[in-house]
1. Could you look at the range 40-132 and say what percent of its accessible area is carbon and sulfur, using a 1.4 Å probe and all protein chains?
2. Can you tell me which of Ala133, Ala293, Ala145 moves the most in a GNM of the chain? Springs connect C-alpha atoms under 10 Å apart.
3. In degrees, nearest 10, range 0 to 90: what is the angle between the Cα axis of helix 61-74 and the longest Cα principal axis of the chain?
4. Round to the nearest 10 and give me the degree value, 0 to 90, for the angle of helix 310-326's Cα axis relative to the longest principal axis of the chain.
5. Where Lys and Arg each count +1 and Asp and Glu each count -1, what net charge lies around Thr284 among other residues with Cβ under 14 Å from its Cβ?
6. Give the angle, between 0 and 90 degrees and rounded to the nearest 10, that separates the Cα long axis of helix 240-249 from the longest principal axis of the Cα atoms of the chain.
7. Between Ala241 and His199, 0.36 nm times their residue separation minus their Cα-Cα distance comes to what?
8. So the label point goes 7 Å from the Cα of Glu70 along Cα→C-beta, right? Which residues of the range 282-311 then have their backbone N under 18 Å from it?
Amino acid sequence: MIEYLWFGRSLLYFLLLPLSWLYGLVTWLIRFSYRIGLQPVWRSPVTVVVVGNLTVGGNGKTPLVIWLVEQLRQRGLRVGVVSRGYGGKAIAYPLVLTQHTTTEQAGDEPVLIFQRTGVPVAVSPKRSEAVKALLMLYPLDLVIADDGLQHYGLHRDFELVVIDGMRRFGNGWWLPAGPMRERAARLNSVDAIITNGGHAASGEISMWLQANQAVNLVTGKRQSVQALPQVIAMAGIGHPARFFLTLKQLGITAKKEYSFEDHQNYSLEQLLALADPEQSLIMTEKDAVKCRAFAQSHWWYLPVDAQLAAHQAEKLLSTIESLSNASPRGKTPCKHQ
């Protein structure tokens, strides 16, 4: 219903417009309070790159964060990641992730980023506290703030927004009448716009997600997804249809498709009911990090890698690298105050 309301042709969103105007007013007041100094903005001694979006979930932000980490490390930069840790409930914050940190503590996306990249990751509702915790433990050149666009308490040196190239901004309204956290005009003040799938408009950087082999949750074995028998597909992400479309593009016709809420927590009993042992239950990597503790031998996940147009990627990475190299201990004034 929400998808149809936000991205379809329903006019029912008119009923929610008063709440959207209130949401827009509150968010504007919050941002304005930081701009005029009523609330403090903490400036990190190292470069901060914010990766965020204007709409609610499912834009491909996490694969882009992983891509940035890997690419910047190849350039010799020491990179850390901070996040809100949505869906996690730590005993205390900030929480610096270790090999023993669970998704129940830190949320699924931070655990995924940590396991996939191996770089230092910390979570906290106050991103500045997460950055401070990392800098106390690790010598870093740069910190990436995952989903921190609307967290104005942390000064940022570079803002990067990810757009769903297929759905764009839906009806363009603030929550709850539409999918927007901020209106599209906010793009005028960011440093880079990444468009995931669909058609990238002028000035936007084209990105797509590439899937290769499926990975077994128990053994770690990699295998062509086309070789899996009797595929049952599940996804608990912001836009499950994207995962199911990826499978179809790989030539996979799933016997059944199950959609769950974003950041859904799972139980063994719940997933055992989805697929028999002779079938193959395939899920996203984001789902897999929450299921490894009770995984079965017929469960698989399909990792995806962000790919960016080469010439645009080089320009983006060179700009970020130059920010870090210019003044690694003390930043010049930035437009995003």
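The values are calculated or read from the model by the stated rules, or taken from the named source; none is laboratory data. In this text, all values refer to a predicted model and were calculated from it rather than measured experimentally. So basically every Cβ, Gly included, is an ideal-geometry build from the backbone, and we count neighbours across all protein chains shown. Note: areas computed on protein heavy atoms with side chains; ligands, DNA, RNA excluded. Shrake-Rupley method; radii C 1.70, N 1.55, O 1.52, S 1.80 Å.
1. On the way: 1780 of 3490 Å².
The C+S portion of the solvent-accessible surface of the range 40-132 is 51 percent.
2. Among Ala133, Ala293, Ala145, the largest mean-square fluctuation in the Gaussian network model of the chain belongs to Ala293.
3. The angle comes out at about 70 degrees.
4. 50 degrees
5. On the way: positive: Lys61, Arg116, Arg242, Lys286, Lys290, Arg292; negative: Asp108, Glu109, Glu257, Glu261, Asp262, Glu285, Asp287, Asp305.
Net local charge, Thr284 excluded: -2.
6. 60 degrees
7. Working: separation 42, 0.36 × 42 = 15.12 nm, distance 1.80 nm.
Here the segment from Ala241 to His199 would lengthen by 13.3 nm.
8. Under 18 Å, as judged by backbone N against the label point of Glu70, lie 284-289, 301-311 of the range 282-311.
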